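> Below are the structure tokens for one structure; questions will follow.
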Amino acid sequence: MKNLSKPFFFIATICFIVAFFLTCLDVISFNRSFYDSEYNKLGVAETIGISDVELKETTTVLLDYIQDKRDDLNVSANILGQQRQVFNEKEIMHMVDVKILYQNAMLVKMLGWIGCIGFGILGIITDKKNALKNGTEMFLMGTVFSLSLIVFLGLYAIIDFEQFWLQFHYVFFTNDLFFLDPSKDILIQMVPSQFFFDLVFRIAGSFLIGMVILCSGCIYVRRKRL
């Protein structure tokens, strides 16, 4: 059964990487201070014609809806001197898709953590003597693969973020509701392209830092203990 140890540890590593990345995505995407910082930097309130207080309230409604803490996106605000519903029908329909995508991602995250623990235990059981050696080896191997993919996608995003973001939507959405009009749709005014550029690289950066720290730990353990 020793031959099964490495495959188990490799699968556990892939599960961990997926789960860890989605955890970074979850934590950062719903960090309210990040939104406040971006809104101030990009002048979002001024662009929309809304007060900072109502912008924060609208953001809370939006994020709570995605996290399934509320059932609708019915929120009104004073925009350009007129009290109105913030989001139109097309924006709401797109956010239905976003919510479904988020829920699916969180399901994958949960399954990833379960898979990481389960296959990790199987790897230990099949070869207790070499568990540390095989586990760290497979973690480093899986990390090299994942980091190579992240770097490739990161370079693509840096070179042409608009195309990168468009391709992301084509992959994960089955309609064109994500094509919003920046001149009138509040949703895209709240989170313009620059916002998502900053968000994507904040998530990727956090993920990479975490993985580098873990890899450094693996290398240290292998040098000291193996």
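> At 1.4 Å probe size, with every protein chain present, just tell me what the per residue accessible area of segment 1-70 comes to in Å².
Numbers: 3470 Å² over 70 residues.
Each residue of segment 1-70 exposes 50 Å² on average to a 1.4 Å probe.
> Amide H to amide H under 5 Å from Asn88: which residues, 5+ apart in sequence or cross-chain, H placed 1.01 Å off N in plane?
Ile186
> Turning to a different aspect of this structure: Tabulate in residue order the Karplus-calculated ³J(HN,Hα) for segment 134-151, using 6.51 cos²θ - 1.76 cosθ + 1.60 with θ = phi - 60°, rounded to whole Hz; enter x for Gly and Pro.
3J(HN,Hα) across segment 134-151, in whole Hz: 5, x, 5, 4, 5, 5, 5, 5, x, 5, 4, 4, 5, 5, 4, 5, 4, 5.
> Further question on the same structure: Compute the Cα gyration tensor for segment 24-98, then decide on rounded, prolate or oblate, letting a ≥ b ≥ c be the square roots of its eigenvalues: rounded whenever a/c is under 1.5, prolate when a/b is larger than b/c in the other cases, and oblate in all that remain. Walk me through the intermediate numbers first.
Details: a/c = 2.00, a/b = 1.11, b/c = 1.80.
Verdict is oblate for segment 24-98.
> Looking only at Cβ-Cβ distances, which cysteines of the chain have no other cysteine closer than 4.7 Å?
Within the chain, the cysteines lacking a partner Cβ under 4.7 Å are Cys24, Cys215, Cys218.
> Next up: Please compute the per residue accessible area over segment 154-208 with all protein chains in place, 1.4 Å probe, rounded to a whole number of Å².
On the way: 2990 Å² over 55 residues.
Per residue, segment 154-208 has an accessible area of 54 Å².
> For Ile79, what residues show an amide H to amide H distance below 5 Å, using hydrogens built from the backbone and excluding near sequence neighbours?
Under 5 Å from the amide H of Ile79 lie the amide H atoms of Arg84, each far enough along the sequence or on another chain.
> In the chain, if the dipole is taken from +1 on Lys/Arg beta carbons and -1 on Asp/Glu beta carbons about the Cα centre, which of Met211, Ile100, Leu153 is farthest to the positive end?
About the Cα centre, the residue reaching furthest to the positive side is Met211.
> Rounded to a whole number, what % of the accessible area of the chain do carbon and sulfur atoms account for, probe 1.4 Å?
Details: 8220 of 12740 Å².
Here carbon and sulfur together make up 65 percent of the probe-accessible area.
> In whole Hz and in residue order, list the ³J(HN,Hα) couplings for segment 104-109 that follow from phi through the Karplus curve 6.51 cos²θ - 1.76 cosθ + 1.60, θ = phi - 60°; x for Gly and Pro.
5, 5, 5, 5, 4, 4
> Let me ask something else about it. (1) 1.23; (2) 1.00; (3) 0.94: which one is Cα Rg over 2.2 N^0.38 Å as calculated from this entry?
The value matching this structure is (1).
> Taking amide H atoms as placed 1.01 Å from N in the peptide plane, list the residues 5 or more away in sequence, or in a different chain, whose amide H sits under 5 Å from that of Phe173.
none
> What aspartates and glutamates sit close enough to Lys99 to cross-link, taking a C-alpha to C-alpha distance under 14 Å and skipping anything fewer than 8 places away on the same chain?
By straight Cα distance, Lys99 reaches Asp26, Asp64, Asp68, Asp71, Asp72, Glu91.
> Segment 43-73 to segment 107-132: how many Å between their Cα centroids?
The two parts, judged by their Cα centres, are 40 Å apart.
> Please return the longest range in the chain lying between exposed loop sites, taking trypsin sites (Lys or Arg not before Pro), DSSP loop only, at most 12 other beta-carbon atoms within 10 Å, and leaving the sites out. Mind showing how you got there, number by number?
Numbers: sites that count: Lys69, Lys128, Lys129, Lys184.
Here the longest run is 1-68.
> Starting from the residue with the highest accessible area, list Phe197, Phe178 in decreasing order, probe 1.4 Å.
Per-residue accessible area, sorted high to low, gives Phe197, Phe178.
> Residue-wise, which Karplus ³J(HN,Hα) couplings in Hz belong to segment 155-165, taking 6.51 cos²θ - 1.76 cosθ + 1.60, θ = phi - 60°, and x for glycine or proline?
Along segment 155-165, the couplings run 5, 4, 5, 5, 5, 8, 5, 4, 5, 4, 5 Hz.
> Nothing charged except the Cβ atoms of Lys and Arg (+1) and of Asp and Glu (-1): what's the magnitude of the dipole of segment 1-99 about its Cα centre? Round to the nearest 20 debye. Let's see the in-between values first.
Working: 10 positive and 14 negative charges, 128 e Å.
That gives a dipole near 620 debye.
> Of the options Leu25, Ala45, Val61, report the single residue whose Cα projects farthest towards the positive end of the charge dipole of segment 1-72 (beta-carbon charges: Lys, Arg +1; Asp, Glu -1).
Leu25
> Next question. Any of Lys6/Lys129; Lys109/Lys133; Lys90/Lys184 with alpha carbons more than 22 Å apart? Name them for me. Display every interim value, and only then the final one.
Values: Lys6/Lys129 13 Å; Lys109/Lys133 26 Å; Lys90/Lys184 12 Å.
Exceeds cut-off: Lys109/Lys133.
> Efficiency by 1/(1 + (r/R0)^6): what FRET value for Asp97 and Phe30, r their Cβ-Cβ distance, R0 = 30 Å, to the nearest 0.05?
Details: r = 18 Å, r/R0 = 0.60.
The computed FRET efficiency comes out at 0.95.
> Taking the Cα centre of the chain as origin and charging only Cβ (+1 Lys, Arg; -1 Asp, Glu), how large is the dipole, in debye to the nearest 20? List each step's numbers first, then the result.
Numbers: 20 positive and 22 negative charges, 389 e Å.
Roughly 1860 debye for the chain.
> Rounded, prolate or oblate: which fits segment 119-183, taking a ≥ b ≥ c as square roots of the Cα gyration tensor eigenvalues, rounded meaning a/c under 1.5, else prolate when a/b beats b/c?
Values: a/c = 6.36, a/b = 2.65, b/c = 2.40.
Since a/c reaches 1.5 and a/b is larger than b/c, the shape of segment 119-183 is classed as prolate.
The values are calculated or read from the model by the stated rules, or taken from the named source; none is laboratory data. The structure displayed is predicted, hence computed values, not measured ones. Note that each Cβ is placed from the backbone with ideal geometry, even for glycine, and that neighbours are counted across all protein chains shown. Heads up: the accessible areas ignore ligands, DNA and RNA and are worked out on the full protein's heavy atoms, side chains in. Shrake-Rupley method; radii C 1.70, N 1.55, O 1.52, S 1.80 Å.
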